[in-house]
Amino acid sequence: MALPDTTLPAADDAPGLAWHADTADAAAQRLGVDVGLGLSDEEAAARLARQGPNHPTEHPGKPAWRRLAGQFVQPLVVVLIIAGLITAALGEGLDSGVIFAVVIVNALIGYWQEAKAEGALAALARSVATPVTVCRGGHRCQLDAKQLVNGDIVTVTAGDRIPADLRLLQQHALHIDESMLTGESQPVAKNDSPLPVDTVLADRLNMAYAGTTVLAGQGRGLVIATGDASETGRISGLIAAAPDLVTPLTRKMATFSNWLLKAIGALALLTFAVGLARGESAFDMFTAAVALAIGAIPEGLPAAVTVTLAIGVNRMARRRAIIRHLPAVETLGSTTVICSDKTGTLTENAMTVRVLWCAGKGYVIDGHGYQPLGTISHDALPASIDGTLRDSLIAGALCNDASLRHEHGQWKITGDPTEASLLVAARKGGLEEHTLRTLLPRLDVLPFDASQQFMATAHRADGETVVYVKGALERLLPLCVEQLSAQGQPLAIDHAAIEKIAHAYAEQGLRVLLLARRNFPANPDFKLVAESIQGLSLIGLVGIIDPPRKAAIGAIRNCHSAGIRVKMITGDHAVTALAIARQIGLNAERALTGRELAKLDASALAEAAHAVDVFARVEPEQKLRLVRALQGRGEVVAMTGDGVNDAPALKQADIGIAMGLAGTEVAKEAAAMVLTDDNFASIEAAVEEGRGVWDNLVKFITWTLPTNFGEGLVIVAAILFGVTLPITPLQILWINMTTAVLLGLPLAFEPIERNIMLRAPRRLDMPVLDGHLIRRIILVSVLLLSGAFGLFLYELGQGHTLAQARTVAVNVFVMVQMTYLFNCRSLTRGFWGQGLFSNRWLWAGLSAMLGLQLLLTYWPPLNAAFQTTPIGWQEWLNISLFALLSSLIIALEKFLTRDRKQPAT
């Protein structure tokens, strides 16, 4: 029954002190509860009314109308809308209709891409929605976890998910998997003793946190935080607070669009002013200025960006990377730092016995994960599974409560992963645990306890009782009075030598367990007591580790060659993190721990984030600080992870990458990309695709802008020379939209260039177009001006009609674009370097474009709509020769500048 509130604070009024530093009784007193009775129903209801239900607050996402409205405020789209309204006001209904059709299609595509809801907070809420056993008013009852309040007394057993943050009151052999919260790869053995105030989250052994899972044992705990106040809830707040960052692509396209609009606006104003100065009517000059704006705006650019990114998404999906947000495709291409979690990302997330030492010999055990396939060898030769080596495997398999099973083509475990690794090792030696348990039935067990640091089991053997013991070397080695020879005979034990061997294994990041036994006379009623664990015979040592993924080693090497730094940020211990870092090729000179990071100010943290590659015992807020510190130095940061503890940093990073198989739903929802195979190597493939996407976007822009600028220059030239417009606004829209779809979009399908992963990452301050490409665009624009305006005047000089001259001008633009398309397949090399037929969409587009131009020239309905007319073979010859000459000039320019300019990724 709750104590009176006049003497003790209500739960939700309790000060935010360190619960782990309090004794269990003091913690209960602070929350005003009798641990034997629990809260009364009335007090619990009052606290629930004050605190609210036990789940993280759900933050509403962006409403649909805002997502749709956002598609119409992009700079290029705004100008198109204005142009459409003006052309409609001028009575040009067809022109206006085409413009608005372009705007609507672009908006619908963008809206569809953004309509994928961000469900990180909903997934987080689902992760704690479980029934729980609570003591209320002296009675045990089952409640929905949402009804828990501070001060409730909760009982948890193996298989339960912790429903709220608990200060443990009592426990028996309680082991909790906290990897989703802390990154700790091994189950944490809990106790109920007070701890120092500055104990970091991962080392708070007397606490149990919401969302983590009980693997073994049982315990009673006092609820000290629910909902948003829990550690899981605080992570929810961090996710919500992390801004939706603009990507390098959106930043650069916004800058590029603004620059383009200023140039177009200035050119339109100049055209209007020059026309007025020449005595032209304001109405005609206004029409000309609108035509210039329509011509100069690359209407197909927004759609081209979306389609190019979408194609990148499909290519990545084939390479086992699922993109949730389109701009993330390109962001990968500019990534400079990858911050990776260790457990399950760089490692296999499967504890594995790597070495076994017995009778003075070390044995190597190979294989991967929990699949019981592999060999046991000594000095690179297969070992004979007999004597003490066999007894070591038997001891590990019998002093064990885990189980191993094969389901749906995969090997799965139940229980402690460390114990499961011992079962796998035994099977690799030809010893199956079910058979062993039948031959040597268990009589009794002393479960593992954090205070005693070992587990013991008693078994009936031939004519005797044998006790197998496994546990911490520092606890069991002093209890060993002898060690076994290779044939199982007792020998004198050298404690110092064994400690030296164990230390060498530990320096490699291995968790070392000692295996021992003691024989007793046969006794079917044998009971294990503490006195049984004396006078032990040492059988051997086992070294266990969560091994690195082999594919990750090569992927990290390739990332380094591509100028990308890889950093490990983990909740695991520093020794283990450094050992894994050395094996996978990271800079493992030192590791910074979370406790050390907490003491650094902003400038020191920024320097450490840059200089150090391994961070251990790191808490969620510190992961966020590290990502922000790197971003503050101008880095484009990709963050990988699979646990709830990774989610805030995943969202804060320029691109968050979650693991699809082992990852939590929270991590997946917070990430921009999900790896379907949990393979770090897939990130390298995704980076390559991201760089290819950027290359193809730049190729499209380099190809399309000369047409837009050329159209504008033709209009300006016509006004300057006082001649009629060589192309009409509607003809300009025909050129821009048909060529953008049929000629430009095939560039999105261009294969990745061979040297793309040998380039350094693209700098953030690098514009979309550098000076080299701008000069090329100007060159092509001038060529288009010369050909279209020149042949237009030539046709008029030959006595041909205005419609014929305009038809020639339109076809000059299209034919030059068709030949220039080959020049743009590679921005530095000849197009044949890409393979003449490597892009079948390009040839399909060329064929379709040629067919449309013939229809535009010779089909009466299109003649009437677009003011064109048939032309003769001589005109086609002139057009074709000029298009070919233009392509040769551009090829020569590429050849002369290729040694001085290499592309940026």
Q: Can you tell me the 0 to 90 degree angle between the C-alpha axis of helix 417-428 and the longest principal axis of the chain, rounded to 10?
A: 90
(Q) Could you sort the peptides 592-601, 573-582 by per-residue average Cβ neighbour count (10 Å cutoff), highest mean leading? (A) 573-582, 592-601
(Q) Starting from 0.36 nm per residue, how many nanometres of slack lie between His172 and Asp462 once their C-alpha separation is accounted for? (A) 101.1 nm
Q | Ser838-Asp198 FRET efficiency (beta carbon distance; Förster radius 41 Å; 0.05 resolution) | A | 0.10
Q) Efficiency by 1/(1 + (r/R0)^6): what FRET value for Glu607 and Met766, r their Cβ-Cβ distance, R0 = 25 Å, to the nearest 0.05? A) 0.50
**Q.** Whole-number D in µm²/s for the chain (Stokes-Einstein; Kirkwood sum over Cα pairs; 10 °C, 1.306 mPa s)
**A.** 50
Q. Given a 1.4 Å probe, how much area per residue of the stretch 284-426 is accessible, in Å²?
A. 32
**Q.** Kirkwood hydrodynamic radius (C-alpha pairs) into Stokes-Einstein, the stretch 764-807, 37 °C and 0.692 mPa s, D in µm²/s
**A.** 264
Q. What nm distance separates the two modelled labels at Thr801 and Asp379, each placed 7 Å from Cα along Cα→Cβ?
A. 9.9
Q: For the stretch 517-527, just list the computed ³J(HN,Hα) in residue order, Karplus coefficients 6.51, -1.76 and 1.60, θ = phi - 60°, integers in Hz, with x standing in for Gly and Pro.
A: 8, 8, 9, 10, x, 4, 7, x, 9, 4, 10
**Q.** Subset of Lys342/Lys550; Lys342/Lys599; Lys190/Lys623; Lys412/Lys668; Lys412/Lys550; Lys623/Lys668 violating a 19 Å alpha-carbon distance limit
**A.** Lys342/Lys599; Lys190/Lys623; Lys412/Lys668; Lys412/Lys550
Q: Quick one: which residues, 5+ away or cross-chain, put their amide H under 5 Å from the amide H of Asp22? H built at 1.01 Å from N.
A: Leu195
(Q) Around Gln410, under 15 Å between beta carbons, what's the net of Lys plus Arg minus Asp minus Glu among the other residues? (A) -2
Q) By how many nm would the segment from Ala486 to Lys599 grow when fully extended, if each residue of separation counts as 0.36 nm and the alpha-carbon distance is taken off? A) 35.5 nm
Q | the stretch 136-194 - accessible surface per residue (Å², probe 1.4 Å) | A | 34
Q. Helix-derived [θ] at 222 nm for the chain: sum -39500 (n - 2.57) over DSSP H runs of at least 4, divide by residue count, nearest 500?
A. -14500 deg cm²/dmol
Q. Using a Förster distance of 56 Å, how high is the FRET efficiency between Val73 and Ala18, based on the Cβ-Cβ distance and rounded to 0.05?
A. 0.70
(Q) Below 8 Å, C-alpha to C-alpha, sequence gap of six or more: please give me the relative contact order for the stretch 438-573 in percent. (A) 25
Q.
Within the chain, what whole-number % of the accessible surface is contributed by carbon and sulfur, with the 1.4 Å probe and all protein chains included in the calculation?
A. 60
Q) Averaged per residue, what accessible area in Å² does the stretch 706-780 show with a 1.4 Å probe, protein chains only? A) 35
Q | Inter-label distance for Leu661 and Glu531, nm, one decimal - labels placed 7 Å from Cα along Cα-to-Cβ | A | 5.1
Q. By the gyration tensor of its Cα atoms, with a ≥ b ≥ c the square roots of the eigenvalues, what is the shape of the stretch 439-575: rounded for a/c under 1.5, prolate for a/b over b/c, or oblate?
A. prolate
Q: In whole Hz, with x marking every Gly and Pro, tabulate ³J(HN,Hα) for the stretch 495-511 from phi via Karplus 6.51 cos²θ - 1.76 cosθ + 1.60, θ = phi - 60°.
A: 4, 5, 5, 5, 4, 5, 5, 4, 5, 4, 5, 4, 5, 8, x, 7, 8
Q. So which lysines can Lys699 reach, going by Cα to Cα under 25 Å and dropping same-chain residues fewer than 8 places off?
A. Lys252, Lys262, Lys894, Lys901
Q. Once you list every other residue whose beta carbon is under 15 Å from the beta carbon of Val35, what net charge do they have if Lys and Arg are +1 and Asp and Glu are -1?
A. -1
Q) Tell me, what ³J(HN,Hα) does each residue in the stretch 801-811 have, in order and in whole Hz, if you take phi through Karplus 6.51 cos²θ - 1.76 cosθ + 1.60 with θ = phi - 60° and put x for Gly and Pro? A) 6, 4, 5, 5, 4, 5, 4, 4, 4, 4, 5
Q) Percentage of Cα-Cα pair distances in the stretch 438-508 greater than 20 Å, rounded to whole percent? A) 46
Q. For the stretch 525-601, what is the Kirkwood hydrodynamic radius in Å, using each pair of distinct C-alpha atoms?
A. 16.3
Q: Compare Tyr370, Tyr794, Tyr209 by solvent-accessible area with a 1.4 Å probe and give them largest first, with all protein chains kept in place.
A: Tyr794, Tyr370, Tyr209
(Q) Quick check: from the Cα gyration tensor, does the stretch 786-865 come out rounded (a/c under 1.5), prolate or oblate? (A) oblate
Q) Which value, to two decimals, describes the C-alpha radius of gyration of the stretch 315-446 once divided by 2.2 N^0.38 Å? A) 1.42
Q: Using per-residue counts of other Cβ atoms within 10 Å, averaged over each peptide, order 305-317, 427-439, 38-50 from highest down.
A: 305-317, 38-50, 427-439
Q.
If amide hydrogens are placed 1.01 Å from N in the peptide plane, which non-local residues have theirs closer than 5 Å to the one on Cys339?
A. Lys567, Ala638, Met639, Thr640
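The values are calculated or read from the model by the stated rules, or taken from the named source; none is laboratory data. Bear in mind the structure is a predicted one, so any value in this text is a computation, not a measurement. As a convention, Cβ positions derive from the backbone with ideal geometry for all residues, glycine included, and neighbour counts pool all protein chains shown. Surface areas here come from the heavy atoms of the whole protein model, side chains and all, with no ligands, DNA or RNA. Shrake-Rupley method; radii C 1.70, N 1.55, O 1.52, S 1.80 Å.
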